[in-house]
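The block underneath contains the structure these notes are about, expressed in structure tokens.
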Amino acid sequence: MNSVDPQRTESSGVDASEIAALAERVRGPVHTPDDEQYDTERAGYQTARWHRPDVVVGATGPADVRAAVAFASSHGLPVGVQGTGHSLAGIAADGGLLINTSRMTGVRVNAEAGTAWAAAGTRWEQVIHEAASASLAPLSGSYPGLGVVSYTLGGGLSLLSRRYGYAADHVRSIDVVTADGQLRHVTGDSDPDLFWALRGGRDNFGVVTGIEIDLMPITTLYGGGLQFAGEQAAEVFEAYLRWTATLPDELSSSIAQISFPDVPALPEALRGKQIVQVRIAYAADDLGAGESLVAPLLALGPQSHTLGELPYTQSGSVYNDPPFPGSYEASTLMLGDLDTTALRTILDLAPPKTSLPHIIELRHLGGQLAHPPAVDNAVGNRDAQFLFNVVSRLERADITEIRPAHQRLLDAIEPWSTGGRLLNFMNGENAAEEVRSAYDPKDYQRLTELKAVYDSENLFRLNHNIPPVDSHQFR
Ligand SMILES: Cc1cc2nc3c(=O)[nH]c(=O)nc-3n(C[C@H](O)[C@H](O)[C@H](O)COP(=O)(O)OP(=O)(O)OC[C@H]3O[C@@H](n4cnc5c(N)ncnc54)[C@H](O)[C@@H]3O)c2cc1C
């Protein structure tokens, strides 16, 4: 935790004797705002929005999760979940009961089946490590410190995404505590509806206690980052766009313009400057073609690059995302085909022409992401070609300036948008229609119908909420 929530809730609205009875039933800690450890238990990576629950339960396993859900249900408290707290600009629990799953870690790799089971609070780095010993790799994202469960059920755009599709497309089974307090082992055979809804609907259908995922026969990537001077932004973005049109599915990549603050902690070369970074992950059976595939980018003359063969255990070095907590505002939109006008539109609203935002990113989609998985799920927007993300550090700018700056970019890029969003990159304060945009319309309708079956009271509503059909009482 790198800062203290300025608006710490003073006390819980729940009767102290009831809380004491809950504490008797669970093995992990139970805290209310009066307790010193309350702050530690609710803190996450994202410090822009603090969870301020009435009660926080540090679950140690499925039994604790069941007890916490049953308690919340019987006291009319909505339930929120926090794994590692990496939600980019997450929905914060304001009141209600927060379940912290960070103690529930553990990975079991089944090398023969090519699968891994991970407990609710497990981070990708643990799965990557265990899978590597069986010469396998998971569909992890840019930062290995992310939580496996939330990332996967929110879509999961991995370093290998164009070759294998979304991480949510490679789930074998899910252990979940539903609103009725039952622990269910859900597969495509045992409960096809719930299995479909969880993979994309994420936290709307229960608290997941464990997940079984496919691992891929990957040990080594050809990849890394290329850094270009900010002055080359237009040239590099345009070359990147032309280049992506030529790529095989085995190559996943993104481009970002990053603006560094003028602070002494940074090396002189970066202080107050912009760079353009292209991130590459080539995962083919023969990595030999990697070098010739990236030749057109190298020909543009990067200031530096880290390209080369790297073991998947070092895959976090491709993006080098910051490992420490911070305060972020993020906005996102999925885009279709782009042209040079679209790129100029984006760069005209970015530094140095404006002072905000700090990171503007395009992730290349397509490939297997465009195809439905073997067992259908709720992840939508498979027709998008690029994912557009905008991130600003709140420590370095005022939120009242950041929001309009982000909105100007979203409005300007709208003509190239598919209208969709990927749940994993969505902002905490998204309106209901934006949550809806994460899904294809008929899938959203089916999700609201299933929500009415599995969580008719909308107990799980401290999230990007999918309300039960015909129920608008919580919106
Ligand atoms: C630095 C950084 C890099 C990122 N890179 C990528 C990337 O490459 N690809 C990508 O797809 N995404 C990426 N993301 C987005 C990330 O996947 C999502 O923010 C994801 O939700 C984070 O999950 P978490 O468990 O770490 O976070 P948390 O904040 O703990 O959880 C986020 C949400 O998931 C729900 N949730 C958590 N645990 C459970 C559970 N056990 N059961 C049910 N619901 C649960 C919570 O209700 C909460 O709303 C990145 C985010 C950051 C900050």
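Angle of helix 192-201 to the longest C-alpha principal axis of the chain, folded into 0 to 90 degrees and rounded to 10: 60°.
Note that segment 167-183 has calculated 3J(HN,Hα) couplings of 4, 5, 7, 10, 10, 8, 7, 9, 9, 9, 9, 8, 4, 7, x, 7, 8 Hz, one per residue in order, obtained from phi through the Karplus relation 6.51 cos²θ - 1.76 cosθ + 1.60 (θ = phi - 60°); glycine and proline are x. Only one residue of 187, 378, 389 has its Cα farthest out toward the positive end of the dipole of the chain, where Lys and Arg carry +1 and Asp and Glu -1 on Cβ, and that residue is 389. Mind jotting down the distance between the C-alpha centroids of segment 243-295 and segment 185-228, whole Å? Each part reduced to its Cα centre gives a spacing of 26 Å. Counted by neighbouring Cβ atoms within 10 Å, the residues 260, 71 run from fewest to most as 260, 71.
Of all lysines in the structure, those lying under 18 Å Cα to Cα from residue 353, and not within fewer than 8 positions of it along the same chain, are 273. In percent, how large is the relative contact order of segment 16-100, given Cα pairs closer than 8 Å and 6 or more residues apart? It comes to 35 percent, rounded to a whole number.
Fully extending the segment from residue 411 to residue 445 would add 9.6 nm, taking 0.36 nm per residue of separation and subtracting the current Cα-Cα distance.
Take the Kirkwood radius over Cα pairs of segment 260-344, plug it into Stokes-Einstein at 10 °C and 1.306 mPa s, and you get 96 µm²/s for translational diffusion. Note on residue 451: lysines with a C-alpha under 23 Å away, same-chain residues under 8 apart excluded, are 442. Report the net charge of residues surrounding residue 129, where surrounding means a beta-carbon distance below 14 angstrom and charges are Lys +1, Arg +1, Asp -1, Glu -1. So the surrounding residues net to 0. For segment 16-100, the Stokes-Einstein estimate of translational diffusion at 10 °C and a viscosity of 1.306 mPa s comes to 125 µm²/s, using the Kirkwood hydrodynamic radius over alpha-carbon pairs. So what is log10(I(q)/I(0)) for segment 145-262 at q = 0.10, 0.15, 0.16 1/Å, when the Debye sum runs over its Cα atoms only? Evaluating at q = 0.10, 0.15, 0.16 Å⁻¹ gives log10 I(q)/I(0) of -0.46, -0.80, -0.85.
So how do 273, 442, 451 line up by other beta-carbon neighbours within 10 Å, fewest first?
Values: 273 19, 442 9, 451 24.
Final ranking by Cβ density, sparse to dense: 442, 273, 451.
Under the convention that each Lys and Arg Cβ holds +1 and each Asp and Glu Cβ holds -1, the size of the dipole of the chain around its Cα centre is about 320 debye. Working from Cα pairs under 8 Å separated by at least six residues, relative contact order for segment 220-432 is 27 percent. With the simple model of a label 7 Å out from the Cα in the direction of the Cβ, residue 371 to residue 300 spans 2.9 nm. Helix 233-244 and the longest principal axis of the C-alpha atoms of the chain enclose an angle of approximately 80°.
Between helix 16-25 and the chain there is an angle of about 80 degrees, using the helix long axis and the longest principal axis of the Cα atoms.
Ranked highest first by average number of other Cβ atoms within 10 Å, how do 246-255, 412-421, 147-156 line up? Each step should come with its number before you reach the end.
Working: 246-255: 20.8, 412-421: 17.7, 147-156: 28.4.
Going by the mean number of other Cβ atoms within 10 Å, highest first, we get 147-156, 246-255, 412-421.
Label positions at residue 291 and residue 246, each projected 7 Å from the Cα along the C-beta direction, are separated by 1.8 nm.
Based on alpha-carbon atoms only, what is the radius of gyration of the chain relative to the globular estimate 2.2 N^0.38 Å? It would help to have the intermediate numbers written out before the result.
On the way: Rg = 21.9 Å, N = 475, 2.2 N^0.38 = 22.9 Å.
The chain yields a ratio of 0.96.
Using the Cβ-Cβ distance between residue 220 and residue 353 with R0 set to 41 Å, the FRET efficiency from 1/(1 + (r/R0)^6) comes to roughly 0.55.
We did not get these values from a lab; they are worked out from the coordinates using the rules stated. Note that the structure is a prediction, hence the values are computed from the model and not measured. So basically every Cβ, Gly included, is an ideal-geometry build from the backbone, and we count neighbours across all protein chains shown.
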